[in-house]
Amino acid sequence: MKLTPYASLLTLNTLALDAHCRWLAEVERIDDLPQLVANPELAGLPRLVLGGGSNVLFCDDFAGVVVLNRLKGITLHDEGDHWLLHVAAGENWHELVCHSLQQGWFGLENLALIPGTVGAAPVQNIGAYGVELASVCAYVETFNWQSGQLERIEAAACGFGYRDSIFKHACQDSHFITAVGLRLPKAWQPVAGYGPLAALGEQPTAQAIFDTVCATRMVKLPDPAVLGNAGSFFKNPVVTAAQADQLKQQYPHLPCYPTADGQAKLAAGWLIDQCGLKGFAIGRAAVHQEQALVLVNLGGASAMELIALAAHVRDSVEQKFGVLLEHEVRFMGRSGETWLDEVLS
């Protein structure tokens, strides 16, 4: 394990914000974790686990320990009707999707090109084009910081919801994700009813779905290596069916999708676009010109510029549509996670 004091986080977050942390710990083996717990210099300090840094906005320097998850390894188990992949949390998510497709283990193709690591996937319950991690997750393996023991949490106990799980709440500070179990059916069936996938026909191949998802995302989403961003900045808002019907009457072209609980999910990007905010900038922070759901760092943006931009976007949508957007990107303060309103107050 490598332990570095007063480390820069500039290259460790895709928004390219120049924040620092008190300590940076690079974890490459599970045995490193008890050492972190036992280190007296780190005792009592706040702790933040970071994978690809693709879903975090550092509002300030972090006055604690940033733990980089660099655990690697993929193990395959044959369960008869399914393949079970046991994947270390530090593996790159998109590289896992590519590897699975090459091996003929289908079921992850809709989730191609989602940035970040495998360990981050259950935290947000990542999802795209009609598929969520929850639909393929068998379990999440964790290290309990308090007990010092490894614990396997079955998928049913993970509290998966829309961009949500227990790892954002009850287990956020107590459990470090070390691996994820993914159960993929051998009798694979395509999920191709969403967006551009519908044009592929009734029985597209997994490769065709993968290619279409990649092509679509590459057109819509800027490359963080070229233009700092954290992907989709806001969640797609869920409203009551009555509110959705009222909005549809006023805005007939409003994208609207029914949810399992009888509510309706709206497209946040469309709402932002209708406010005329594509290309709108505050300082060096801007709404992306092609995809309104993405806020970008044009180069040298400060955290406060991005925060002010996020507030302007949220307030504009609420004023026009009466719909309150919630940021999907995690806001990180000096001692832990915070929220837009807390930063502004």
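Would you mind telling me the share, in percent, of accessible area of the chain contributed by carbon and sulfur at probe 1.4 angstrom?
51 percent
Treating the stretch 2-69 as a set of equal point scatterers at the Cα positions, no solvent, please give the Debye-formula log₁₀ I(q)/I(0) at q = 0.11, 0.12, 0.25 Å⁻¹.
For the requested q values the scattering log ratios are -0.23, -0.28, -1.13.
Give Lys220/Lys278; Lys235/Lys265; Lys220/Lys248; Lys72/Lys186 a once-over and call out the pairs whose C-alpha atoms are over 18 Å from each other.
Those over the limit are Lys220/Lys248; Lys72/Lys186.
Using a ≥ b ≥ c from the Cα gyration tensor of the chain (square roots of the eigenvalues), is it rounded, prolate or oblate, where a/c under 1.5 gives rounded and otherwise the larger of a/b and b/c decides, a/b for prolate?
Verdict is oblate for the chain.
Roughly how many Å² is the accessible area per residue of the chain, as a whole number, for a 1.4 Å probe?
So the chain comes to 45 Å² accessible per residue, rounded to a whole number.
Can you tell me what share of the DSSP beta bridges in the chain is antiparallel? A percent to the nearest 5 is fine.
80 percent
For the chain, with the dipole built from +1 on Lys and Arg beta-carbon atoms and -1 on Asp and Glu ones, taken about the Cα centre, which of His327, Gly279, Leu133 lies farthest toward the positive end?
Gly279
How many times 2.2 N^0.38 Å is the alpha carbon radius of gyration of the stretch 222-344?
It is 1.09.
List the pair-distance distribution P(r) of the stretch 30-188, using every Cα-Cα distance, as the percent of pairs falling in each 5 Å bin from 0 up to the bin containing the longest distance, rounded to whole percents.
Computed distribution, short to long bins: 2, 9, 18, 23, 20, 14, 8, 4, 2, 1, 0.
Would you mind getting me the FRET efficiency between Cys214 and Thr4? Use the beta-carbon distance for r and R0 = 35 Å, nearest 0.05.
According to the calculation, E is roughly 0.50.
Find which of Val238, Cys98, Gly116 sits farthest along the positive direction of the dipole of the chain, computed with +1 on the beta-carbon of Lys and Arg, -1 on that of Asp and Glu, about the Cα centre.
Of Val238, Cys98, Gly116, it is Val238.
Calculate the dipole size of the chain relative to its Cα centre from +1 charges on Lys and Arg beta carbons and -1 charges on Asp and Glu beta carbons; express the result in debye to the nearest 20.
380 debye
Given charges of +1 on the Cβ of Lys and Arg and -1 on the Cβ of Asp and Glu, with all other atoms neutral, how large is the dipole of the stretch 1-141 about its Cα centre, in debye to the nearest 20?
The dipole of the stretch 1-141 has a size of about 340 debye.
The values are calculated or read from the model by the stated rules, or taken from the named source; none is laboratory data. Worth saying up front: this structure is predicted, and the values here are computed from it rather than measured. Virtual Cβ from ideal backbone geometry, glycine too; neighbours counted across all protein chains shown. Protein only, heavy atoms only, side chains kept; ligands, DNA and RNA dropped before computing areas. Shrake-Rupley method; radii C 1.70, N 1.55, O 1.52, S 1.80 Å.
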